[in-house]
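*Asks:* Next up is a structure, given as C-alpha cells.
A short reminder: the numbers here are calculations on the coordinates, not readings from a lab. Since this is a predicted model, take the numbers as computed values, not measurements. We place every Cβ from the backbone using ideal geometry, glycine too, and count neighbours over all the protein chains shown.
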C-alpha cells in the first residue's frame, strides 16, 4: 500500500468534515465556553477514532480508508472489536462537535444527512460486499459488534 493511496483516501473525511461544513455554514462563531468545551470533546473523540481506524486499516487490513482500496484482511481487533464502522462514528462525532462548537443547525443537518446516506450505503453495498469477501468470519463479527455505537466489551473472534 503506497502513501499516495493513503493520502488520496483522506479526501473523503476532509470533504465531509471540512469542505462541506465551510460551504454550508457562514457563521463560524463560538457562542460560549460550554459549547467550546463540549464541541471540542466531540471533535477530539472523532479525531481519535479516525486515527485508530486508519491505523488499523493500514497495519492489519493492508488496505485503506477508501472503498476503492479495500482491505485484504477483515479487521476485527482494536477499535473494530468495539464498533464495525469506527470511521463513520468518528466522522459523525466530529460533525456533531462542529455543530455544537459553532451552534450550527446547518452542520447538524449535514450530520443527519451524512448518517442516513451511510446507513443506506453500508446496508446495501458495504456489508454485502464484506459478506462476499469474508464469508462466515464477517457474519460472526456482524452478529457480535454493533454498526455505529461502540460497545464496552471488545469482540473476541473464535
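*Asks:* Go ahead and set up a Gaussian network model of the chain, Cα springs under 10 Å, then flag whichever of 78, 135, 94 fluctuates most.
*Replies:* Largest GNM mean-square fluctuation: 135.
*Asks:* Let me ask something else. Run the numbers on segment 31-144 and let me know its relative contact order in percent, using alpha-carbon pairs under 8 Å that are six or more apart.
*Replies:* Relative contact order, segment 31-144: 30 percent.
*Asks:* Could I ask something else about it? So if the hydrodynamic radius of segment 8-49 is defined as the Kirkwood radius over C-alpha pairs, what does Stokes-Einstein give as its diffusion coefficient at 37 °C and 0.692 mPa s, in µm² per second?
*Replies:* Value of D from the Cα-based Kirkwood radius: 279 µm²/s.
*Asks:* Any chance you could list the semi-axes, whole Å, largest first, of the equivalent ellipsoid that the Cα gyration tensor gives for segment 31-144, using √(5λ)?
*Replies:* Output for segment 31-144: semi-axes of 29, 15, 11 Å.
*Asks:* What distance in nm separates the simple spin-label points at residue 121 and residue 73, each placed 7 Å from Cα in the Cβ direction?
*Replies:* 2.6
*Asks:* At 222 nm, what value in deg cm²/dmol follows for the chain if DSSP H runs of at least 4 each add -39500 (n - 2.57) and the sum is divided by all its residues, to the nearest 500?
*Replies:* Here the helix-only value at 222 nm equals -19000 deg cm²/dmol.
*Asks:* A further question on this structure: Using Cα atoms only, what is the angle between the long axis of helix 33-59 and the major principal axis of the chain, expressed in degrees (0 to 90) to the nearest 10?
*Replies:* Once rounded, one gets 20 degrees.
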